Amino acid sequence: METATLRPQLRPQLNPRFVFRWEASQDAYILLYPEGLIKLNLSAGEILKRCDGQRTVDEIVADLQAAFPENPAAIALGTASFLAVARDKGWLRH
């Protein structure tokens with residue numbers, strides 16, 4: 001799917017092949033998978049920790065905008081873009 005087809009009512013969740021957690025030694029969120037790990041930036045971690053399969057894309061965006069109210073338009077755009085990339089990389093399922 002392309003970013004333009006990301007529907008606001010989708011409920012993204014982590015692909016069970018990955019383990020998402022905060023890693024103090026890395027001072028970062030990480031995704032563990034059988035072949036290694038992916039170190040995530042803080043924004044990616046904040047988005048992924050909300051991808052629980054219960055919240056819709058719109059709910060995730062609204063929660064992030066409430067937590068980080070400085071620039072709601074940028075949060076909406078950045079979240080949608082990241083979710084599309086994470087889905088394309090197989091990190092998420094809808």
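What to note about this one:
- The angle between the Cα long axis of helix 57-67 and the longest principal axis of the Cα atoms of the chain comes to about 90 degrees, rounded to the nearest 10.
- Per-residue packing, averaged as other Cβ atoms within 10 Å, sorts the ranges 33-40, 13-20, 74-81 into the order 74-81, 13-20, 33-40, beginning with the highest.
- With all protein chains kept in place, the per residue accessible area of the chain amounts to 59 square angstrom at a probe of 1.4 angstrom.
- Accessible-area order (highest first, 1.4 angstrom probe) of the listed residues Arg93, Arg55: Arg93, Arg55
- Inter-label distance, nm, simple model (7 Å from Cα along the C-beta direction), Ala62/Ser43: 2.3 nm
- Axis angle, to the nearest 10 degrees, between helix 72-88 and the longest C-alpha principal axis of the chain: 50 degrees.
- The chain: relative contact order as a whole-number percent, Cα under 8 Å and 6+ apart: 37 percent
- Kirkwood Rh (inverse of mean 1/r, distinct Cα pairs), the chain, angstrom: 13.4 Å
- Considering the range 4-55, its Cα convex hull presents a mean projected area of 4.4 nm².
- Solvent-accessible surface (1.4 Å probe) assigned to Ser25 amounts to roughly 100 Å².
- Net charge dipole size for the chain [Lys, Arg +1 and Asp, Glu -1 on Cβ; Debye, nearest 20]: 320 debye
The values are calculated or read from the model by the stated rules, or taken from the named source; none is laboratory data. Just so it is clear, the structure is predicted and the values come from calculations on it, not from any experiment. Cβ: placed from backbone, ideal geometry, glycine included. Neighbour counts: every protein chain shown. For accessibility, only protein heavy atoms count, side chains too; no ligands or nucleic acids. Shrake-Rupley method; radii C 1.70, N 1.55, O 1.52, S 1.80 Å.
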